[in-house]
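Chemist: Have a look at the structure that comes next, please.
The values are calculated or read from the model by the stated rules, or taken from the named source; none is laboratory data. The shown structure was predicted, so the numbers you read here are calculated from the model rather than taken from an experiment. We place every Cβ from the backbone using ideal geometry, glycine too, and count neighbours over all the protein chains shown.
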Amino acid sequence: MKNINPVLDPTDGQKMKTMININNLSPIFIILLVFISGAKQVEKKLEPEDVKLKGRIVCLSEEIHHHYKMELSADHQHLYGLKSDNGKYYTLLRTSLSEALFLDLRLHEKDLIVKGRVFPNSQLLELMSFKSIMDGVLHEIYYYCDTCYIRAVSPGNCDCCQAPVVLIEKPVNSDTLIPSP
Ligand SMILES: [Zn+2]
Ligand SMILES: [Zn+2]
């Protein structure tokens, strides 16, 4: 009689569970369990991948036009991305940290080391930082107002005096005459 109502006795309840686990699972139920646990894994959210890449900024539309003869008008809107030396193209997301690469075409002539995140199931690249390599030496890139000694991440006018900021490229970890805030 005790086993009919296991809630009254926790020990018997445990025995009941054990009995169910070992003896009462039909093969269909086991298959169902496997299916459910598999489904849970698919539901797990994919995370962005941190990357460090070397390459140059290019117009991806022009690259595809060049390699695959895709139709492209001369006055197209450029689709900027990184042509990585790992052989892959990454579409560059436009953020405050990547803005300079959209505005300053001089940066397209440079070999860059970029750090950022690539989003799941895509080649979309969010930039966290970029530096250049010149003559094998890593260089920091930023914009500078030498009147106000203010540093900026993208070209344009100085926040303070409104004069245009200048592009600075200086070797990382080296002393330089250019003052740094
Ligand atoms: Zn283009
Ligand atoms: Zn200024």
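Chemist: Inside the stretch 69-99, can you point out the residues that are within 15 Å of ligand 1 (Cβ to nearest atom), surrounded by 11 or more Cβ atoms within 10 Å (Cβ to Cβ) and hydroxyl-bearing (S, T, Y)?
Modeler: Y80, Y89, T91
Chemist: Continuing with this model, one more query. Can you tell me which condition L97 does not meet? The list is (1) in a loop (DSSP other than H, G, I, E, B); (2) more than 22 Å from P171 (Cβ to Cβ); (3) at pLDDT 95 or above, and all the others hold.
Modeler: The failed condition is (2).
Chemist: Quick one: S154 ticks every box in (1) within 24 Å of D85 (Cβ to Cβ); (2) more than 16 Å from ligand 1 (Cβ to nearest atom); (3) not β-branched (V, I, T) bar one, so which box is it?
Modeler: (1)
Chemist: Here's a follow-up. Go through (1) in contact with a strand residue (DSSP E or B) (Cβ under 8 Å, 6 or more places away or on another chain); (2) more than 16 Å from ligand 2 (Cβ to nearest atom) and name the single condition S96 misses.
Modeler: It is condition (1) that S96 fails.
Chemist: While we're here: Scan the stretch 154-163 residue by residue and report those that are more than 7 Å from ligand 2 (Cβ to nearest atom) and surrounded by 16 or more Cβ atoms within 10 Å (Cβ to Cβ).
Modeler: Listed by number, the residues that qualify are S154, P155.
Chemist: Restricting attention to the stretch 122-171, which residues are among the charged types (D, E, K, R) and closer than 13 Å to D104 by Cβ? Steps first, answer last, please.
Modeler: Taking the stretch 122-171 first, the residues among the charged types (D, E, K, R) are 126, 131, 135, 140, 146, 151, 159, 169-170.
Within the stretch 122-171, E169 is the sole residue that qualifies.
Chemist: Moving on. Among the numbered criteria (1) within 16 Å of ligand 1 (Cβ to nearest atom); (2) modelled with pLDDT of 95 or more; (3) loosely packed, with under 14 Cβ neighbours inside 10 Å, which single criterion is violated by F102?
Modeler: It is condition (3) that F102 fails.
Chemist: Here is a further query. In the stretch 66-85, which residues are farther than 19 Å from E99 by Cβ and either within 16 Å of ligand 2 (Cβ to nearest atom) or not in a helix (DSSP H, G or I) (or both)?
Modeler: If we filter the stretch 66-85 for residues that are farther than 19 Å from E99 by Cβ, which is where we start, we get 66-76, 83-85.
K69, M70, E71, L72, S73, A74, D75, H76, K83, S84, D85 - these are the residues of the stretch 66-85 that are farther than 19 Å from E99 by Cβ and either within 16 Å of ligand 2 (Cβ to nearest atom) or not in a helix (DSSP H, G or I) (or both).
Chemist: Okay, moving on. V172 passes all but one of (1) away from ligand 2 (no atom under 16 Å from the Cβ); (2) farther than 28 Å from L60 by Cα; (3) surrounded by 15 or more Cβ atoms within 10 Å (Cβ to Cβ); which number fails?
Modeler: For V172, the failing item is (3).
Chemist: Moving on. Are there any pairs, at least 6 apart or on different chains, whose C-beta atoms fall under 9 Å, with the first in the stretch 156-171 and touching a residue at least 60 places away in the same chain (Cβ under 8 Å) and at negative phi and the second surrounded by 14 or more Cβ atoms within 10 Å (Cβ to Cβ) and of a type outside the set (A, V, I, L, M, F, W, C), and if so, which?
Modeler: Between residues of the stretch 156-171 that are touching a residue at least 60 places away in the same chain (Cβ under 8 Å) and at negative phi and residues that are surrounded by 14 or more Cβ atoms within 10 Å (Cβ to Cβ) and of a type outside the set (A, V, I, L, M, F, W, C), the close pairs are L167/D104; L167/Y142; L167/Y143; L167/Y144; L167/P155.
Chemist: Could you identify the single residue in L112, L138, L124, L107 that is within 16 Å of ligand 1 (Cβ to nearest atom) and hydrophobic (A, V, I, L, M, F, W, C)?
Modeler: Details: L112 fails: within 16 Å of ligand 1 (Cβ to nearest atom); L138 fails: within 16 Å of ligand 1 (Cβ to nearest atom); L124 fails: within 16 Å of ligand 1 (Cβ to nearest atom).
Being within 16 Å of ligand 1 (Cβ to nearest atom) and hydrophobic (A, V, I, L, M, F, W, C) holds for just one of L112, L138, L124, L107, which is L107.
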